Amino acid sequence: MEISALTRSVVKSNYAVIAPDGYINSRVPGWENCTVNVIINEQMGARLCQTIITAADNCFLEGNTKASQIFFYIVEGSGDAKVGEEKKSLTKGHFVYVPVGQQYRFDKISAGTSILTFHKVYEPLEGQDYPPVIFGDAKNIPGPEYMGDPALRLQVLLPDDLRFDMAVNIFTYDSGGHLPMVETHIMEHGLLYLQGQGVYMLDHEWYPIKKGDSIWMAPYCQQWFTSMGKEPAVYIYYKNVNRFPTTI
Ligand code: UGY
Ligand code: MN
């Protein structure tokens with residue numbers, strides 16, 4: 001029998017590694033017939049929220065984004081989504097960006113479907129319109145090499161456009177691929193591993209990470225990753241972008 005007092009999860013003031021073994025389900029009104037795990041949110045000092053929804057029979061998700069935009073990504077499974085007047089069928093790798101003040105409904109979701117969400121309070125930018133609804137499919141997004149290293153590929157899922165104050169990217173590392181430097185930056189991250197494994201360095205501590213794990217990195221959490229094992233490591237991540245960085 002495995003001793004149940006062991007986990008790879010850790011929660012610190014500047015970062016967290018959340019492995020699925022510690023999940024406790026939340027009930028979220030409007031998101032019905034599913035389990036919801038709130039992985040990252042303001043209770044831990046974050047300025048984003050990340051959840052993972054796992055559908056049971058007759059699952060539907062209904063709500064209004066109000067002040068917080070929501071990015072939905074189908075990790076596994078399928079369903080239909082309606083945002084405003086736009087309606088689409090979604091399968092693995094499809095995503096929907098729902099701007100603030102929008103009604104949304106997801107239904108016909110197959111049991112076992114796994115949906116990742118990133119939420120951020122929207123910061124309007126003077127002189128710019130609000131961003132539009134975006135439906136997309138990760139497999140249609142180009143993945144150019146990152147910083148001149150062919151072992152690394154970066155897909156940018158949302159438009160490079162000042163109306164957006166959040167980015168969501170998919171980072172693929174061939175086995176042995178690694179970040180070209182220790183990143184030290186003001187932007188915050190939430191991320192979910194979609195495939196593979198490796199070792200993440202967070203503020204000079206080292207963590208083995210694999211598919212299904214999530215990480216929160218606060219601003220200035222120092223970060224570096226190397227992929228290990230026989231298949232590429234892939235993670236999808238959130239980043240705040242395009243706004244004046246300081247109130248001072
Ligand atoms: O966009 C980024 O800051 C990205 N390179 N960070 C990361 O993967 N930890
Ligand atoms: Mn980074």
What whole number of Å gives the distance from the Cα centroid of segment 1-65 to the Cα centroid of segment 152-200? 21 Å
Projected label distance in nm at LYS92 and THR246, using a 7 Å step from Cα toward the beta-carbon: 4.6 nm
Amide H neighbours of GLY177 at under 5 Å, excluding residues fewer than 5 places away on the same chain, with H built from the backbone geometry, are SER227
Under 5 Å between amide hydrogens, which residues at least 5 positions from TRP31 or on another chain qualify, with H placed 1.01 Å from N in the peptide plane? GLU62
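Over 24 Å between Cα atoms, which of LYS12/LYS92; LYS82/LYS211; LYS87/LYS211; LYS139/LYS230 qualify?
Long pairs (Cα-Cα over 24 Å): LYS12/LYS92; LYS82/LYS211; LYS87/LYS211.
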Could you please state, rounded to a whole Å, how far the C-alpha centre of segment 215-248 is from the C-alpha centre of segment 89-107? 23 Å
Provide the per-residue ³J(HN,Hα) series for segment 37-53, in order, calculated from phi with Karplus coefficients 6.51, -1.76, 1.60 and θ = phi - 60°, each as a whole number of Hz, with x at glycine and proline positions. 10, 8, 8, 9, 6, 5, 4, 9, x, 7, 10, 9, 10, 10, 10, 10, 9
In percent, how large is the relative contact order of segment 11-151, given Cα pairs closer than 8 Å and 6 or more residues apart? 24 percent
Accessible carbon and sulfur surface of the chain relative to its total accessible area, %, 1.4 Å: 55 percent
So, for the Cα atoms of segment 194-243, Rg and Dmax in Å stand at 11.7, 39
Starting from a Cα-only point model with no solvent, please compute log10 I(q)/I(0) by Debye for the chain at q = 0.09, 0.10, 0.15, 0.17 1/Å. -0.38, -0.47, -1.12, -1.45
Whole number in Å², please: accessible area per residue of the chain, 1.4 Å probe, ligands, DNA and RNA not counted. 49 Å²
quick shape note, segment 97-216: Cα extents on principal axes in Å, largest first -> 42, 42, 28
Can you work out ³J(HN,Hα) from phi for every residue in segment 22-29, in order, using Karplus 6.51 cos²θ - 1.76 cosθ + 1.60 and θ = phi - 60°, giving whole Hz and x for Gly and Pro? x, 4, 10, 6, 9, 9, 10, x
Going highest first, how would you order 130-136, 46-52 by mean Cβ packing within 10 Å? 46-52, 130-136
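The values are calculated or read from the model by the stated rules, or taken from the named source; none is laboratory data. Keep in mind that this is a model prediction, so the values were computed, not measured. When we count neighbours, we look across all protein chains shown, and the Cβ atoms used for this are built from the backbone with ideal geometry, even at glycine. In case anyone asks, the SASA skips ligands and DNA or RNA and just uses the protein heavy atoms, side chains included. Shrake-Rupley method; radii C 1.70, N 1.55, O 1.52, S 1.80 Å.
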